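Have a look at the structure below before the remarks.
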Amino acid sequence: MKKIAVVGTGYVGLVTGVGLSHIGHEVTCLDIDPVKIDLLQKGCSPIYEESLEPMIQENQKQKRLSFTSKYEDIQDAEIVLIAVGTPQQPDGSANLTYIFQAADRIAKTINQEVTVVVKSTVPVGTCQRLRNYIQDRTPFSVQMVSNPEFLREGNALKDLFEGDRIVIGSDNPEAIQKVMEMYAPFDIPMMTTDLASAEMIKYASNAFLATKISFINEISSICEKVGANVEAVAKGMGMDRRIGSSFLQAGIGYGGSCFPKDTKALVQMAGNVKHQFDLLESVIHVNNKQQNKLVDQMKERFGSLVGKRITILGLAFKPGTDDLREAASLVIIDRLLREGALITAYDPVAMPIAKEHFPAVTFPANVKEALTGAELAAIVTEWEEFKELPLDLYEELMEEAILFDGRNCYSLEEVMEQNMEYYSVGRPAVGHTKSATLTHEA
């Protein structure tokens, strides 16, 4: 058992801290937000992540997990994990203000030799700078480790306990050994490398996955024009082991706190060393275009959207989370409001946060209420609740069953049995409502 501190209780810090306590370590999670700490001390999670809250409560009862806003409470930790935000700056680069603030407080607080583990996503070279920064401010020896995270929101605990790999980067063999011992109970393959390579692995991984998404979305646009079905194309591609089937689901683009931020940061990082990252710039451009796809389809179908009663199903950037950061829904709703549409939006968990963004939007209590009286609807987030919604409800509840499916939640065979007009991504449009006779490709 090790005495561990985690600075920052966002998705990464909180999930990691709770998971480490669950495998037997004594963990103190620190955050400077007193409201968040007050919630956590009461056993309540400030973020939506399935099974996280019961695990917090269980480990609090076992006296393995505690929360604080005082750096003095972590001065005896032998390992300190930094998991604070590195938000995007206007030029796309990472803002390192919070991580250096944390480093400053750590340096002034520790009272013994410490291993500092950076889980925040930071540009290559940052960990070395941090080590020097802390060491200059403390008489105690500081060992630095880069330990990038690969947690998916909505699946974070599963990824922590059943991850593909743990990357541990350091120039200090003792620090590597200490962190390997910390993670050993997870029984996950570990890769060790140098600081700079570990930092780059995180950016390269996210950039590659974002590239797969933008690639299949470009293929989907061609499929629509030539009469192919992108789902069949993706299946055929994914059966090739060199390609793999993951991240080949056509849709309306990626969002969240990682892919948009990290792709832009890597482009900026490349520019700093005078390398033009043309491929990744195109990936970002494609994604920005893809987030507008549903509205483009609506305008092509209707012309003007002024006064149209439109229901948006799904607000979070992906199912399983309430996170709206870089969500396609923000782009879509903002544009629809500017087009003069009347918007109703429903999401199983993200509506409280969304209300702060869109005071002009109506937020109903449930999906049936959301669809009642709508002139058209759009699926923006592929929640299971929407995927399992009987198709005949659209005709029953809406003024006219016209659905724009940005996540391809329904099979075309299902749709063709219904009296509805249906537009998806990379697949032929289906239409046999009273106002449409189309069966051609969108």
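Observations on the structure shown:
- Built amide H within the under 5 Å cut-off of ALA341, gap 5+: GLY307
- Taking all protein chains as shown and a probe of 1.4 angstrom, ARG137 keeps an accessible surface of around 100 Å².
- The alpha-carbon of LYS368 sits under 16 angstrom from the alpha-carbons of these aspartates and glutamates, leaving out residues fewer than 8 places away in its chain: ASP347, GLU384, GLU385, GLU388, ASP392, GLU395, GLU396, GLU399, GLU400.
- Prolate/oblate/rounded call for region 34-75, Cα gyration tensor, a/c under 1.5 rounded: oblate
- Multiplying the residue separation of PHE140 and ARG242 by 0.36 nm and removing their Cα-Cα distance gives an extension gain of 31.9 nm.
- Point-to-point label distance, ASP104-ALA196, nm (Cα→Cβ direction, 7 Å offset): 2.8
- Reachable aspartates and glutamates from LYS2, criterion Cα separation under 17 angstrom, eight or more residues apart if same chain: GLU26, ASP73, ASP76, GLU78, GLU113, GLU174, GLU181, ASP187
- Positive-pole candidate from THR16, VAL35, CYS127, dipole of region 2-147, charges at beta carbon: CYS127
- Reach of LYS202 by Cα under 18 Å, taken over lysines that are not fewer than 8 positions away in the same chain: LYS119, LYS212, LYS261, LYS264
- Placing +1 on the Cβ of every Lys and Arg and -1 on the Cβ of every Asp and Glu, with nothing else charged, gives region 247-327 a dipole about its Cα centre of roughly 280 debye.
- Inter-site label distance for LYS299 and ILE188 at 7 Å from Cα along Cβ, in nm: 4.3
- Estimated FRET transfer efficiency when R0 is 30 angstrom, pair GLU414-ALA365 (beta carbons, to 0.05): 0.65
- Solvent-accessible surface ranking, highest first, for ASP278, ASP76 at 1.4 angstrom: ASP278, ASP76
- The length gained by stretching the chain between GLU384 and ASN111 to full extension, at 0.36 nm per residue less their Cα-Cα distance, is 93.3 nm.
- Euclidean distance of C-alpha centroids, region 259-330 and region 193-243, integer Å: 16
- Between helix 278-290 and the chain: long-axis angle, C-alpha atoms, 0 to 90°, nearest 10: 50
- Cα long-axis angle, helix 293-302 against the chain (0 to 90 degrees, to the nearest 10): 20
- Dipole magnitude of the chain, debye to nearest 20 (Cβ charges: Lys/Arg +1, Asp/Glu -1, about Cα centre): 1020
- Between ARG129 and LYS61, the simple spin-label model (points 7 angstrom out along Cα→Cβ) gives 4.5 nm.
The values are calculated or read from the model by the stated rules, or taken from the named source; none is laboratory data. Since this is a predicted model, take the numbers as computed values, not measurements. Here the Cβ is made from the backbone with ideal geometry for all residues, glycine too, and neighbour counts use every protein chain on show. Just the protein is used for accessible areas: all its heavy atoms, side chains included, with ligands, DNA and RNA removed. Shrake-Rupley method; radii C 1.70, N 1.55, O 1.52, S 1.80 Å.
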